[in-house]
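Worksheet: one structure, shown below.
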Amino acid sequence: MADMQALLAMWAEKFTVYPDGAELPTHHDHCLGCGPNNPHGHHLRALRHGDGVQAWHTFDNRHVGAPGIVHGGAVATVVDDLYGCLLFLEGGPAVTRQLTIEYLAPVLIGAEYRLQADVVRREGRKLFVAARATEPAGRAVITSTAVFVKVSVEHFAQGSPPGVPAD
C-alpha cells in the first residue's frame, strides 16, 4: 500500500502549470500510451500547445492491423492517451467516459502524424474534448471527440502499479 501511496503522490504533483511548448510528463513509467518503460507501448511525448496539447507520432509494426495499416485500437489508444496529457493542463485527473473516433483515411505504419487535442467545453466535472491527427501534407486522417469526468487522485488507488501486488 505504501508503494501505491507513493505513486499517487508523485502523480498528483504532475498537475501543475506548464509553459507553452513544455514537454508534459508521462502518466507513469509503464503507461501503454506514454510510458517509456512499457515495451509494448507507444512512448507518446506530448507538448503544451496554447491551451491544448500536440504530439508527433509514428506507429510501428507492433501496431499493425491490415498489412501496412495501423490497427484502429492502436490509434484509439494514442488518442485516449493524448487526452490524458491534456488533463495535466486541467489541474487534476479525469477518466474517459466516452471516446469516439472517426477514421477518415488509413493510418499508415511508418508515417509521422501530428496530433492535436483541446478542451471544447466544461460542464461541472465533465470535460468535452476534441482531437485530430493529420498527415505531413496536412490532411486529417482521424478526428475524435470524448467526454472525461474529473476524479480525485484517490480514484486510482483501486488498481495496483505494475509489479506491485494488490493488497
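The values are calculated or read from the model by the stated rules, or taken from the named source; none is laboratory data. Quick caveat: nothing in here was measured; it's all calculated off a predicted structure. Quick reminder, even Gly has a Cβ in these numbers, built from the backbone with ideal geometry, and neighbours come from all protein chains shown.
Cβ-Cβ contacts under 8 Å between residues 6 or more apart (or on different chains), taken from a first residue in the range 51-78 that is outside any strand (DSSP E or B) to a second residue that is of a type in the set (Asp, Glu), are listed as Asp51/Asp118. Restricting the range 109-128 to residues that are of a type in the set (Gly, Ala, Ser) and outside any strand (DSSP E or B), which is surrounded by the fewest Cβ atoms within 10 Å (Cβ to Cβ)? Ranking the qualifying residues of the range 109-128, first place goes to Gly124.
A single member of Gln98, Gln116 is polar (S, T, N, Q), within 12 Å of the chain's Cα centre (by Cα) and over 23 Å from Glu13 (Cβ atoms), and it is Gln116. In the range 39-95, the qualifying residues are those that are touching a His at 6+ places or on another chain (Cβ under 8 Å) and of a type in the set (Gly, Ala, Ser), and the one that is farthest from His27 (Cα to Cα) is Gly65.
Out of Gly68, Gly91, one residue alone is more than 15 Å from the chain's Cα centre (by Cα) and modelled with pLDDT under 95. It is Gly91.
Residue count for the range 79-108, restricted to those that are in a loop (DSSP other than H, G, I, E, B) and crowded, with 16+ Cβ neighbours inside 10 Å: 2. The residues of the range 115-152 that are among the small types (Gly, Ala, Ser) and in contact (Cβ under 8 Å) with a residue 40 or more places away in the chain, listed by number, are Ala117, Ala131, Ala133, Ser144, Ala146, Ser152.
Please verify whether the range 139-153 includes one or more residues that are part of a loop (DSSP other than H, G, I, E, B) and modelled with pLDDT under 95. Checked the range 139-153: at least one residue is part of a loop (DSSP other than H, G, I, E, B) and modelled with pLDDT under 95.
Can you find a residue that is over 24 Å from Arg125 (Cβ atoms) and among the polar types (S, T, N, Q) anywhere in the range 33-50? Yes: one or more hits.
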